[in-house]
Amino acid sequence: EFDRDVYSSIIVQAADEAARERLKAAIEGNQQLSGLKPRAETDYYAEQTKTSRPIQYLGTMIAVIMAVGAVFSAMNTMYAAISSRTREIGTLRILGYSRRSILLCFMIESAFLGLCGGILGGLLALPMNGLATGMSNMYSFSEVAFAFRVTPELLGIGVAFAVVMGMVGGFLPALQASRATIVESLRD
């Protein structure tokens, strides 16, 4: 295509695994082809995508920061919900609800809020499905293109993660609500 007399890669499809190994051995054993490095296409693309590792690390770091923010957001929301319902908590304790059931009730509430947030986040991520972008590969002076895929499995993992983050963030407020005494709750 570019009228060059050298090639950066040649793709050869072998009939089966044994034929691929024979072809690889023949190329490695031929002195005229000493500059070639035969390898499976999956290995080739794995090597090409090594340059994307910084983006993966950056994405992981952003996800961790956002998860910590989500925990604090859930904690703040649950503290606000509990502080506005202290009399309700006291009334439940007078009616005979145990500290454990109050803790469980608020944990379920925080899990439900996490579920709602996870579903909303998944819906907001759906327009990203199929968007493609690329990055240059400095080793081969080529561009590696990739597309974003929002699969049902990934949506499920995201929603489950949001529920867990909601529960982690709601644990301390729920614990505080369950430990409140009846007298303190009814005074507020």
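The values are calculated or read from the model by the stated rules, or taken from the named source; none is laboratory data. Please read these numbers as outputs of a predicted model, since none were measured by experiment. Note: ideal-geometry Cβ built from the backbone for every residue, glycine included; neighbour counts use all protein chains shown. In case anyone asks, the SASA skips ligands and DNA or RNA and just uses the protein heavy atoms, side chains included. Shrake-Rupley method; radii C 1.70, N 1.55, O 1.52, S 1.80 Å.
A few points about this structure:
- Boolean, S101 is open to solvent by less than 50 Å² (accessible area, probe 1.4 Å), in contact with a Pro (Cβ under 8 Å, 6 or more places away or on another chain), small (G, A, S) and in a helix (DSSP H, G or I): no
- Restricting S83, S98, S73 to those that are within 20 Å of M167 (Cβ to Cβ) and at pLDDT below 90 reduces the list to S83.
- Which numbered condition S52 misses (of (1) at pLDDT 85 or above; (2) open to solvent by less than 80 Å² (accessible area, probe 1.4 Å)): (1)
- Out of A18, A67, A14, one residue alone is open to solvent by less than 50 Å² (accessible area, probe 1.4 Å), farther than 30 Å from F148 by Cα and of a type in the set (A, V, I, L, M). It is A14.
- Among residues of segment 92-106 that are among the aromatic types (F, W, Y), those with a beta-carbon under 7 Å from a residue that is crowded, with 18+ Cβ neighbours inside 10 Å at least six positions away or on a different chain give the pairs F106/M78; F106/I82; F106/G170; F106/P173; F106/A174; F106/A177.
- Selection of segment 145-181 for residues being polar (S, T, N, Q) and open to solvent by 40 Å² or more (accessible area, probe 1.4 Å) yields T151, Q176, T181.
- Hits in segment 78-98 - residues which are surrounded by fewer than 14 Cβ atoms within 10 Å (Cβ to Cβ) and either part of a helix (DSSP H, G or I) or in contact with a Gly (Cβ under 9 Å, 6 or more places away or on another chain) (or both): A80, S83, R87, E88, I94
- Matching entry among I89, I119 (being touching a residue at least 40 places away in the same chain (Cβ under 8 Å) and over 25 Å from A63 (Cα atoms)): I89
- Of the listed requirements (1) in a loop (DSSP other than H, G, I, E, B); (2) modelled with pLDDT under 85, A15 misses just one: (2).
- Lone unmet requirement of (1) more than 27 Å from F146 (Cβ to Cβ); (2) small (G, A, S); (3) open to solvent by 60 Å² or more (accessible area, probe 1.4 Å) for S9: (1)
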